[in-house]
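In what follows, a single structure is set out as structure tokens and then discussed.
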Amino acid sequence: MDAFSQEFAKRKFFEFYSNPYNPIPSPEAISQRELAFFLFRERIMVRHRSVANLNGLRRLIGDLQPSDIYYSCAYYENPEANMEKKGWLGADLVFDIDADHIPTSCDKIHDEWTCGKCSFNGRGPTPDICPACGSQKFDTKSWPCERCINSAKDETVKLVDMLEKDFGLSENDIHAFFSGHRGYHIHVETEAVRSLDAAARKEIVDYVYGLGLAGIHEGTNERRKKPADRFFSLHDFGWNKRIKLGMQKFILNATKEDLNAIGIKRTDPILQNKNAIANRYVEENRWSLAKGVGTETWIKLARHVKDLASANVDTVVTTDIHRLIRMNGTLHGKSGLLKVEFPLKHLADFDPFREAVAFKEGTVKVIVSSAPQFRLGESTFGPYTKQEVELPTAAAILLICKGRAEVVKS
Ligand SMILES: [Zn+2]
Ligand SMILES: [Zn+2]
């Protein structure tokens, strides 16, 4: 981002926060939270700040004019103290579901990464370490692509279903947010989760991923010859129930190719008897009744539907009991879109490109270096390559924040 465009974005962000029609909803117990701010020009994080209330937050925003605003998922006795002296009192349970961690068919089109050390580069999701030199520092170019954000939403739907049905959390304790960039955040704010340590949170993540499920991962040599129900069984709770429901759905819709793709070569016994297998044998745990479908096949089916049903969350975010996370109602420095809460029941039809738009007035002339086609509200823009255009402010800010456009100096 050139200095002029950066100054422009900084001013627009500050104007947004100064407008009384854009109030930031207070996080629960704001005075016990560590606050952190990322600064536009300096590109540094200012941490270990705290405020008594929202007025204090507004003053801090005025002083710092940040690009990003974060707060701790943790509650502290002394939020401003250094880490050892903060006095941890507990933390919300947070989940980050980000397109960065979900492979999609389009990520190779709009995402690029370049190693900061050796300049090796590639397209698609950024690797953990550079394949050429092993460095972990990358310059990345990603895009808040609608299809990618929808795949993050699909993961979020699965996560919420588990939190409600398997963990018994109430809809009132689960808060759903668009992250402001490429995914969703789920915050669980209830006394029952506050005191969970990192290990307990890791167990929750493992559950959500379906890691280490007994039965479907074990292998023995003798199971081939014995009746399937001696080696394979599923009960009717939690993951076992999820796998049963997933198997029924998968079997009813499966084609020969679908079955081949998961390593099942003898497909006729399943395809010729779909209804009985899906609706009776699976339902009633009668694994031996399906002729020609043995233990190995049941295990392949179970593993496949387990993969489909698991939710791809960012493990590091959930297990970090001191995590800083973007504050609801604040702008994302990489998009100019808002982190915004919405009712859980609207998750399936939530439209971030309508609900998270912050800058609703005026137009800006920009020179766009490159941008894929994108939509904001009802309007579609681009694709652009090296051209000057006059865009609604929200579209211009998005491109500026993504480093794909510069403001035309008038
Ligand atoms: Zn490298
Ligand atoms: Zn995409």
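What the table below lists for this structure:
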read-out	value
Per residue, in Å², the accessible surface of the chain once ligands and nucleic acids are set aside, probe 1.4 Å	49 Å²
Angle in degrees between helix 54-64 and the longest Cα principal axis of the chain, rounded to the nearest 10	70 degrees
Protection proxy ranking of 49-62, 143-156 - average other beta-carbon atoms within 10 Å, highest first	143-156, 49-62
Residue (of His346, Gln32, Ile129) at the positive-pole extreme of the chain, dipole from beta-carbon charges	Ile129
Estimated vicinal HN-Hα couplings, Hz - the range 349-363 in sequence order (Karplus 6.51, -1.76, 1.60; Gly, Pro = x)	10, 5, 10, x, 7, 10, 6, 9, 6, 9, 9, 9, 10, x, 10
Cβ-placed point charges (K, R +1; D, E -1), dipole of the chain about Cα centre in debye, nearest 20	1060 debye
Between helix 238-253 and the chain: long-axis angle, C-alpha atoms, 0 to 90°, nearest 10	80 degrees
Segments 63-71, 260-268, 34-42 sorted - mean Cβ within 10 Å per residue, highest first	63-71, 34-42, 260-268
Disulfide-incompatible cysteines by the Cβ rule (no partner under 4.7 Å) in the chain	Cys73, Cys106, Cys401
Helix axis angle, 3-18 relative to the chain longest principal axis, alpha carbon, degrees	80 degrees
Accessible carbon and sulfur surface of the chain relative to its total accessible area, %, 1.4 Å	49 percent
For the range 311-350, size of Cβ-based charge dipole, Lys and Arg +1, Asp and Glu -1, in debye	120 debye
For the range 1-58, size of Cβ-based charge dipole, Lys and Arg +1, Asp and Glu -1, in debye	80 debye
Gap separating the Cα centres of the range 262-278 and the range 41-99, nearest whole Å	54 Å
Karplus-derived HN-Hα couplings along the range 125-136 (A = 6.51, B = -1.76, C = 1.60, θ = phi - 60°), whole Hz, x at Gly and Pro	x, 5, x, 5, 10, 5, x, 8, 10, x, 5, 10
³J(HN,Hα), Karplus 6.51/-1.76/1.60, whole Hz, each residue of the range 106-119, x for Gly, Pro	9, 5, 6, 7, 10, 10, 9, 9, 9, 5, x, 9, 10, 6
Amide H contacts of Ser67 (H built 1.01 Å from N, under 5 Å, at least 5 apart or other chain)	Phe38, Leu39, Phe40
MRE, 222 nm, helices only [DSSP H, n ≥ 4, -39500 (n - 2.57), over the chain, to nearest 500]	-9000 deg cm²/dmol
Amide hydrogen neighbours beyond the local backbone of Thr330, cut-off 5 Å, H modeled	Lys339
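The values are calculated or read from the model by the stated rules, or taken from the named source; none is laboratory data. The shown structure was predicted, so the numbers you read here are calculated from the model rather than taken from an experiment. All Cβ positions, even for glycine, are placed from backbone atoms using ideal geometry, and neighbour counts span all protein chains on display. Note: accessible area is taken over every heavy atom of the protein model, side chains too, but ligands, DNA and RNA are not part of it. Shrake-Rupley method; radii C 1.70, N 1.55, O 1.52, S 1.80 Å.
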